[in-house]
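The values are calculated or read from the model by the stated rules, or taken from the named source; none is laboratory data. If you're wondering where the values come from, they're calculated on a predicted model, not measured in any experiment. Neighbour counts run over all protein chains shown; Cβ positions are idealised from the backbone, glycine included. Surface accessibility is based on the protein's heavy atoms, side chains included, excluding ligands, DNA and RNA. Shrake-Rupley method; radii C 1.70, N 1.55, O 1.52, S 1.80 Å.
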Amino acid sequence: MKEKIEELYSIHITKEEKLSDKVTKIYDNEKKYVLKEHETNLNNIYTRLYMSRVDYFLLPLKSINNIYVEEIDDKFYSLSVFEEDEQAKIDDIRLRFYILSLASLHQNSTYPIKGNDGYIDQLISFLEDNIEKNIVTLNTRMERIEHQDYHAPGEWFFYDNFSSIMEGYNLAKAHLQEVEELFKKVSSYSLCLTYQNYEISHIIINKGKIISLDKMNIAPSCYDISDFILKTYKDNVDFSSLIKEYLNNYKMNEEDKHLLLVLILSPLIEFTNDDLEDFEMIYDKLKLIDVVKEVEKLILSTSD
């Protein structure tokens, strides 16, 4: 394997450091690289990114075969330059850079598909199933609690907030219905390159780059915003200013605005046998619903 990588990228490996099962940091004297194993061949995605001329995402190096991802022993690998950021905690700057990078990515890689090609129908069906599963889960738990003589603190918290949690899923159903109605009126729909891998450590602000493109794919632009919100809503992020920045630089269509809200609200809810974990999960769900209402007010006030 070592010899093959050296041959493909014309480097001389002097040291290897395993960072995870699929990520290895390798050294060529003073130069540092990251070797990643991918689940699929991402050459087409990375080529599309290169052709979009969006320079904020760190593409892997091309091999001697002039491709970004090489197949070795039936596995897919890429090699990238290892980048490190400043240690200073400047998350507000990182987040603004990230959201503007997403807007640029979406703006420069968008392309239309026919509205009736089946993609949207499958997506709507998937989200509808998730919402209904969540509603069944909530009702089943409520019925069980109502028939119990003793209630743990987490169960009392759920009981007291049942209607608020259900309000979130009813809100999701309403926006999904709006998505269905809007798609009946359009003949085409825009997809684009999406990053879908938000982590604050992936934003290398001193280089102006975003790393770890492993999950990049073609999808609706709102996938990136929902991914970002679902990973940061517990951190008291100022979503209003960030989403305003995004919408000022990328015009999200009405279908995606409603779809965004459904995506945030529809992940499956799972209760555990741990009362504290269930308490925290319910608390987080209530906070997420509040965030969705804030985002809803913002994005729907910027309708076409």
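For this structure, a couple of remarks:
- The separation of region 9-52 from region 110-171, counted between C-alpha centres, amounts to 40 Å.
- The string of couplings for region 122-135 from the Karplus curve (6.51, -1.76, 1.60, θ = phi - 60°) is 5, 5, 4, 4, 4, 5, 4, 4, 4, 4, 5, 4, 5, 5 Hz, one whole number per residue in order, with x for Gly and Pro.
- Per residue, the convex hull spanned by the Cα atoms of region 149-195 measures out at 109 cubic angstrom.
- In degrees, nearest ten, helix 43-52 long axis to first principal axis of the chain (Cα): 90 degrees
- Compactness ratio for region 83-139: Cα radius of gyration over 2.2 N^0.38 Å (N = residue count) comes to 1.88.
- Extent of region 147-259 along its three principal axes (Cα atoms, max minus min coordinate, largest first): 58, 43, 27 Å.
- Taking the square roots of 5 times each eigenvalue of the Cα gyration tensor of region 30-91, largest first, gives ellipsoid semi-axes of 23, 16, 11 Å.
- Annotation for region 20-91: GluC sites (Glu not before Pro) lying in DSSP loop with at most 16 further Cβ atoms inside 10 Å of their Cβ are Glu30, Glu39, Glu83, Glu84, Glu86.
- Measuring how big region 265-304 is from its alpha-carbon positions, Rg and Dmax come out at 13.9, 47 Å.
- The chain: angle of helix 222-232 to the longest principal axis, Cα-based, in degrees nearest 10: 80 degrees
- Comparing Gly154, Gly208, Gly118 in a Gaussian network model of the chain where C-alpha atoms under 10 Å apart are linked, the largest mean-square fluctuation is found at Gly118.
- Over region 37-174, volume per residue of the alpha carbon convex hull, in Å³: 256 Å³
- Whether region 240-280 is rounded, prolate or oblate, judged on the alpha carbon gyration tensor where a/c under 1.5 counts as rounded: oblate
- Using the Cβ of Asp74 as centre and a radius below 14 Å, the other residues enclosed give a net charge of -3, where K and R count +1 and D and E count -1.
- Nearby lysines by direct alpha-carbon distance to Lys285 (threshold 23 angstrom, same-chain neighbours under 8 apart not counted): Lys133, Lys173, Lys231, Lys234, Lys257, Lys293, Lys297
- Within straight-line cross-link reach of Lys2, lysines at Cα separation under 22 Å, skipping those fewer than 8 residues along the same chain: Lys15, Lys18, Lys22, Lys25, Lys31, Lys32, Lys36, Lys62, Lys75
- Considering only the chain, percent of DSSP beta bridges that pair antiparallel, nearest 5: 95 percent
- Mean Cβ neighbour count within 10 Å, used as a protection proxy, ranking 267-280, 193-206 highest first: 193-206, 267-280
- Ranked packing of 8-16, 90-98, most packed first, by mean Cβ within 10 Å: 90-98, 8-16
- Sorted largest first, the spans of the alpha carbon positions of region 207-304 along the three principal axes are 44, 33, 23 Å.
- For the chain, the relative contact order is 20 percent, taking Cα pairs closer than 8 Å that sit 6 or more residues apart in sequence and dividing their mean separation by the residue count.
- Annotation: per residue accessible area for the chain equals 53 Å², rounded to a whole number [probe 1.4 Å, protein chains only].
- Region 105-200, relative contact order [Cα under 8 Å, separation at least 6], %: 66 percent
- Linear extension gain, Lys114 paired with Asn65, 0.36 nm per residue minus alpha-carbon span: 14.2 nm
- Packing around the peptides 140-147, 254-261, taken as the average count of other Cβ atoms within 10 Å per residue, puts them in this order, highest first: 254-261, 140-147.
- Per residue, the Cα convex hull of the chain amounts to 163 Å³.
- Residue separation of Lys25 and Gln148 scaled by 0.36 nm, minus their Cα-Cα distance, works out to 38.8 nm of gained length.
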